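Data first, discussion second: the structure below is written as structure tokens.
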Amino acid sequence: MKYKAYLVEENNGEYIGSVKELDTPVLQEGRLLIKVKYSSLNYKDALAATGAKGVVRSYPFVPGVDVAGVIIESSSDDFMPGDEVIATGYKIGMAEFGGFGEIVHLPSEWVVKLPENLSLYNAMCHGTAGITAAECVNKIIKGGISNTLPVLVSGATGGVGSIAVSLLSKLGYEVHAITGKPDENEKLTSMGATKIIARNDFMSEPLKPLDKAVYSSAVDTVGGEMLAKMVSMISNHGIVSCCGNVGGAMFTSSVFPFILRGVQLSGVDSAESPIDLKKELWNLLANEWQIDLNNQTKTVNIKEIDNEIKKILDGGQIGRVVIKHGE
């Protein structure tokens with residue numbers, strides 16, 4: 001049996017993606033064959049599609065770190081054919097062919113049953129970005145952070161940032177959103193941001209070892225000196241959830257926020273989070289933390305993905321992109 005997939009191939013150092021027919025894998029012990037209904041586009045997928053070093057083990061390859069679909073065949077007692085499931089992260093779309101194909105062959109321990117109150121489509125409106133945002137917000141909630149001061153979110157128009165803004169707003173926090181896209185103020189307001197801060201304005205003042213404590217906590221999706229500035233502005237015992245590095249892998253800070261205010265810098269790697277935590281977060285997103293992402297989401301066919309890959313690499317993507325398989 002054949003299935004369609006967006007296959008990235010290398011030709012003399014150039015990486016080219018196109019839709020091709022591939023052979024369906026033979027089910028192996030401990031794995032599941034899943035008919036993919038929806039996937040989504042993440043920055044890591046765009047890197048995989050363009051041959052960025054260190055993302056994909058070898059080519060030709062099918063990207064897509066997110067999967068939402070229906071089990072075709074199972075070698076696990078925990079799953080039956082017909083079960084609707086979600087899979088995000090781990091080595092999907094990096095060492096295992098991913099959700100840009102109509103079929104995936106994945107270890108069962110990477111897979112979560114779709115919670116009630118959540119459709120396959122809505123699961124991919126969240127995808128890796130949503131589960132990452134949820135983990136960032138979860139650290140703030142479990143840290144007992146009050147809503148007496150605002151929470152700061154960087155990269156607020158991106159996938160993780162936009163969902164973090166919506167989640168924090170739903171949970172009763174005043175959200176201040178940093179963005180490099182000043183034309184998107186109205187969209188950020190509709191997501192729940194109460195104040196929009198232009199990135200250039202935020203970074204215009206020199207970094208201080210300890211700045212005014214105007215935020216209770218923060219979600220940083222950018223990294224670099226943006227993270228350093230955010231840390232310096234967090235109030236006593238606040239938490240900064242850190243999950244991105246598009247602004248740089250290195251940053252310079254002082255110890256003062258940590259030893260004078262007890263600020264916590266908490267890293268988030270949702271790709272490798274324990275499967276039980278992912279189950280917990282998906283259940284929250286399906287119930288108490290449920291948000292409507294339809295206005296933040298664009299749906300495309302796999303044949304249209306090239307333009308979206310270019311857009312996300314150029315920093316022009318707003319919100320989420322869901323990939324629908326089939327007609």
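The values are calculated or read from the model by the stated rules, or taken from the named source; none is laboratory data. Predicted model only: the values in this text are computed from it and were never measured. Note that each Cβ is placed from the backbone with ideal geometry, even for glycine, and that neighbours are counted across all protein chains shown.
Limited to the range 45-55, what total is found for residues that are modelled with pLDDT of 85 or more and either crowded, with 21+ Cβ neighbours inside 10 Å or aliphatic (A, V, I, L, M) (or both)?
5
Based on this model, can you work out whether Val240 counts as in the same structural domain as Asp183 (by TED's automatic domain parsing), of a type in the set (A, V, I, L, M) and crowded, with 16+ Cβ neighbours inside 10 Å?
Considered against the rule, which asks whether it is in the same structural domain as Asp183 (by TED's automatic domain parsing), of a type in the set (A, V, I, L, M) and crowded, with 16+ Cβ neighbours inside 10 Å, Val240 comes out as yes.
Of the residues that make up the range 244-261, is at least one more than 19 Å from the chain's Cα centre (by Cα), at pLDDT 95 or above, surrounded by 14 or more Cβ atoms within 10 Å (Cβ to Cβ) and on the phi > 0 side of the Ramachandran plot?
The answer is no; no qualifying residue exists.
From the residues in the range 1-44 that are within 30 Å of Thr157 (Cα to Cα) and hydroxyl-bearing (Ser, Thr, Tyr), which one is surrounded by the fewest Cβ atoms within 10 Å (Cβ to Cβ)?
Within the range 1-44, the match that is surrounded by the fewest Cβ atoms within 10 Å (Cβ to Cβ) is Ser18.
Of the conditions (1) in a loop (DSSP other than H, G, I, E, B); (2) surrounded by fewer than 19 Cβ atoms within 10 Å (Cβ to Cβ); (3) hydrophobic (A, V, I, L, M, F, W, C), Ile141 fails just one. Which one is it?
Unmet condition: (1).
Right, Gly326: part of a loop (DSSP other than H, G, I, E, B), closer than 16 Å to Gly155 by Cα and out of contact with any helix residue (DSSP H, G or I) (no Cβ under 6 Å at 6 or more places or on another chain) or not?
Spelling it out, it is not the case that Gly326 is part of a loop (DSSP other than H, G, I, E, B), closer than 16 Å to Gly155 by Cα and out of contact with any helix residue (DSSP H, G or I) (no Cβ under 6 Å at 6 or more places or on another chain).
Among the residues of the range 209-216, is there at least one that is acidic (Asp, Glu), free of Cβ contacts under 8 Å to residues at least 60 places away in the same chain, farther than 22 Å from Ser162 by Cβ and out of contact with any Pro (no Cβ under 7 Å at 6 or more places or on another chain)?
yes
Determine whether Glu184 is assigned to a loop (DSSP other than H, G, I, E, B) and surrounded by fewer than 21 Cβ atoms within 10 Å (Cβ to Cβ).
Values: assigned to a loop (DSSP other than H, G, I, E, B): no; surrounded by fewer than 21 Cβ atoms within 10 Å (Cβ to Cβ): yes.
It is false that Glu184 is assigned to a loop (DSSP other than H, G, I, E, B) and surrounded by fewer than 21 Cβ atoms within 10 Å (Cβ to Cβ).
Output the number of residues of the range 62-83 satisfying the condition of being part of a strand (DSSP E or B) and under 21 Å from the mean Cα position of the chain (by Cα).
Number of matching residues: 4.
Every residue in the range 229-267 that is in a loop (DSSP other than H, G, I, E, B) and without any contact (Cβ under 8 Å) to a residue 12 or more places away in the chain, please.
Val255
If you scan the range 86-114, which residues turn out to be more than 23 Å from Ala52 (Cβ to Cβ) and either in contact with a helix residue (DSSP H, G or I) (Cβ under 9 Å, 6 or more places away or on another chain) or of a type in the set (Ser, Thr, Tyr) (or both)?
Ile86, Glu102, Ser108, Glu109, Val111, Val112, Lys113, Leu114
Among the residues of the range 102-138, which ones are crowded, with 21+ Cβ neighbours inside 10 Å and part of a loop (DSSP other than H, G, I, E, B)?
Glu102 - this is the single residue of the range 102-138 that is crowded, with 21+ Cβ neighbours inside 10 Å and part of a loop (DSSP other than H, G, I, E, B).
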